[in-house]
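What follows is a set of notes on a single structure, which appears directly below.
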Amino acid sequence: SLKTGVNEPVRAALTFGTEAEGKWQTRLAERRLEEIVALEASGELEIETKLELAQQVNEHVKKAEEFASDLEVSGDVSAATGVRLESEVIEKTVEVLEVELETEVEAETEIDAELKEKLELEKLEKELRDSQNSLPVNLPL
């Protein structure tokens with residue numbers, strides 16, 4: 001989309017300073033979470049999309065943590081703490097999201113297995129009917 005393909009990279013290029021870059025990464029993670037919520041509310045969120053967005057959130061949180069570590073190394077503990085706190089809140093949200101995803105994937109897998117079993121039974125029933133219809137009928141006269 002225009003937001004993730006153009007706007008966000010331009011904004012990232014205009015972000016200067018380790019703290020600002022770390023906060024930008026947490027903001028990007030928040031945006032992906034907001035997208036998940038919006039799509040879920042509209043009923044348009046598929047599991048694959050949810051997995052992809054959750055992965056993007058994790059990548060942004062990881063980058064934010066890297067910036068926080070850089071801030072700590074440079075001696076700016078206060079800024080590092082700020083970035084870390086923001087990313088930790090997002091991490092907790094992602095943990096809940098991952099549990100939801102696991103449950104959804106398990107449910108979908110279970111439904112797929114039940115559907116496959118039903119289709120197999122229907123196929124066997126059809127084969128049985130077809131074989132019964134093809135048997136010669138010898139009625140005594």
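The values are calculated or read from the model by the stated rules, or taken from the named source; none is laboratory data. Bear in mind that the values here come from a model prediction, so they are computed numbers and not experimental data. A quick note on method: Cβ atoms are made from the backbone with ideal geometry, for glycine too, and the neighbour counts reach across all protein chains shown. When the accessible area is computed, the model is the full protein with side chains, heavy atoms only, and any ligands, DNA or RNA have been set aside. Shrake-Rupley method; radii C 1.70, N 1.55, O 1.52, S 1.80 Å.
Observations, loosely collected:
- Those residues of segment 72-85 which are surrounded by 15 or more Cβ atoms within 10 Å (Cβ to Cβ) and under 30 Å from the mean Cα position of the chain (by Cα), in sequence order: ALA79, ALA80, GLY82, VAL83, ARG84
- No other residue among ILE90, ILE36 is open to solvent by less than 90 Å² (accessible area, probe 1.4 Å), farther than 21 Å from GLU21 by Cα and touching a residue at least 24 places away in the same chain (Cβ under 8 Å) apart from ILE36.
- Subset of segment 45-71 (residues that are among the polar types (S, T, N, Q), closer than 24 Å to GLU35 by Cα and open to solvent by less than 80 Å² (accessible area, probe 1.4 Å)): THR49, GLN56, ASN58
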